[in-house]
Amino acid sequence: MSSDTPKEPRAPGLLDRRRLLLGGAAAGGVVSSLALAPGLRAAGSPENLPPNTPDWSVYLGEGVDARPYGTPSEYEGDVVRRRVEWLTATPESSVNFTPIHELDGFVTPNGLCFERHHGGRADISPQDHRLMIHGLVERPLLFTVDEIKRFPQENRFYFLECAANGGMEWRGAQLNGVQYTHGMIHCVQYTGVSLRTLLAEAGLKPKGSWILAEGADSSGMTRSIPMEKALDDCLVAYSMNGERLRPEQGYPLRLVVPGWEGNMWVKWLRRIEVGDAAWYHREETSKYTDLLPSGDAYKFTWTMEAKSVITSPSPEKPVTTEGFQVIKGLAWSGAGKIARVDVSLDGGMNWQTAQLHGPVLPKCLTRFTFDWHWDGKPALLQSRCVDETGYVQPDIASLQEVRGVNSIYHNNSIQTWQVNPDGVVENVRLG
Ligand code: MTE
Ligand code: CO
């Protein structure tokens, strides 16, 4: 090859190293005040980095008997559920939040599923637990947990979202972290028996049009569910993500009410009573209500309507470098599958379609990503999803028009993250 043969131009790398802002020695110094992620600032010991040989490449590691039940790497200690202390009077009747900004894919690891208890976590011995089905049935039944497991099995992925997820954000931007604004959600694979099968075993009487489900925890929580839903896709679950339910999630039995508000998914399930329409008229149904500006309230808002959020960048995940970024997020709909997610970089003026990462399942979290080149200028990041029914995630102004500002439940509005020139990301309300 002669010396004047033009050289192949080097393909520009996706991650342009000269623009990395991490080391402080970044070209241009545009973003000198950048808040670094703690893990990166504390970055390691030089003796472990090339060309040196770290200890773990030299000495034997622990044997297979060291951890009969595995735990995450000690370097992932920040990836935990968190609670907001001032939100509730006690930790027993409270909630903690899933660290959704730290997760990939659409499955929530069992140890990170947010917890919402009204009377603390019940630790139940399965031998001492029974599930009763009674009321308007031919044969009232009392099941042991082992008997429940003998029925034909269902394995299905579903998200669970507390109706209060985002409830603090009705009036304006409140909590500066996606874990707190959107973390009352998890998505796991449930194994259990179809509620329809159990009700058929007891023999439904024709007048049975509601069920009342009751938990065995100290709050004895009850919720009413219309029979149509009970016979549709509800499960009595005993496993999540392949292992038995965690005590926090209702061990040994919980109700799964796909797509509907988390409050109905009664944990530590001990009783199902079948009732008739008179329950409804006597106001004996147990429910959450949604206050309207008029002072009236919606009595039954069961479906968790389509919602999405960008999980990174987010207040917990600042932008650490100019140039290529993967915007990551989650979308879900209690009405079915997610059909599309759009991302805006300018607060909703222009929208571009994000990439969905399958499997895209109904009533399940769906992972989306969007490739972005950040030029170091302020940006207003938003995501907006559409589900298979054609329903479009609303902005907060449209929700407030109908629901006012005193609501708590069912805030599925579009979230805005403001990216500042220093890479810091903040929860903001536009308009
Ligand atoms: N079931 C019982 N028995 N007791 C409870 O306090 N909380 C409900 C529901 N089921 C609750 C319950 C609420 S409000 C929600 S959002 C979900 O459980 C939370 O489920 P998780 O703790 O698995 O996230
Ligand atoms: Co709830």
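With only the Cα atoms considered, the chain has a convex hull volume of 209 Å³ per residue. For the chain, the relative contact order works out to 17 percent when only alpha carbon pairs closer than 8 Å and six or more residues apart are counted. Shown in residue order for the stretch 323-335 are the 3J(HN,Hα) couplings computed by the Karplus curve 6.51 cos²θ - 1.76 cosθ + 1.60 at θ = phi - 60°: x, 5, 9, 9, 7, 10, x, 10, 9, 7, 8, x, 9 Hz (x for Gly and Pro). From its DSSP helices (H runs of at least four residues, each -39,500 (n - 2.57)), the chain gives a residue-normalised ellipticity at 222 nm of -2000 deg cm²/dmol.
For the stretch 162-226, the fraction of C-alpha pairs farther apart than 15 angstrom is 72 percent. The listed peptides 360-369, 118-127, ordered by packing as a protection proxy, come out as 360-369, 118-127 (highest mean of other Cβ atoms within 10 Å first).
Averaged per residue, what accessible area in Å² does the stretch 342-417 show with a 1.4 Å probe, protein chains only? For the stretch 342-417, the solvent-accessible area averages 44 Å² per residue.
In the stretch 307-428, Cα pairs under 8 Å separated by at least six residues give a relative contact order of 32 percent. Highest-first packing order for the peptide set 240-250, 348-358 is 240-250, 348-358, based on the mean count of other beta carbon atoms within 10 Å.
Protein heavy-atom surface of the chain, 1.4 angstrom probe: 52% of the accessible area is carbon and sulfur, with nucleic acids and ligands not counted. For the stretch 102-298, the share of DSSP beta bridges that are antiparallel, to the nearest 5, is 90%. Computed from phi, the 3J(HN,Hα) profile of the stretch 55-63 under the Karplus parametrisation 6.51, -1.76, 1.60 (θ = phi - 60°) reads 3, 5, 8, 10, 9, 4, x, 4, x Hz, with x in place of Gly and Pro. Taking each of Lys149/Lys205; Lys149/Lys307; Lys267/Lys337 in turn, the alpha-carbon distance tops 27 angstrom for Lys149/Lys307. Counting only DSSP beta bridges with both residues in the chain, the antiparallel share comes to about 95 percent. Between Gln189 and Val80, residue separation times 0.36 nm minus the direct Cα-Cα distance comes to 37.2 nm. The stretch 164-200 and the stretch 375-423 have Cα centres spaced 17 Å apart.
The values are calculated or read from the model by the stated rules, or taken from the named source; none is laboratory data. Everything numeric in this text was worked out from a predicted model, so none of it was measured. Neighbour counts run over all protein chains shown; Cβ positions are idealised from the backbone, glycine included. Please note that ligands, DNA and RNA were not included when accessible areas were found on the heavy atoms of the full protein model with its side chains. Shrake-Rupley method; radii C 1.70, N 1.55, O 1.52, S 1.80 Å.
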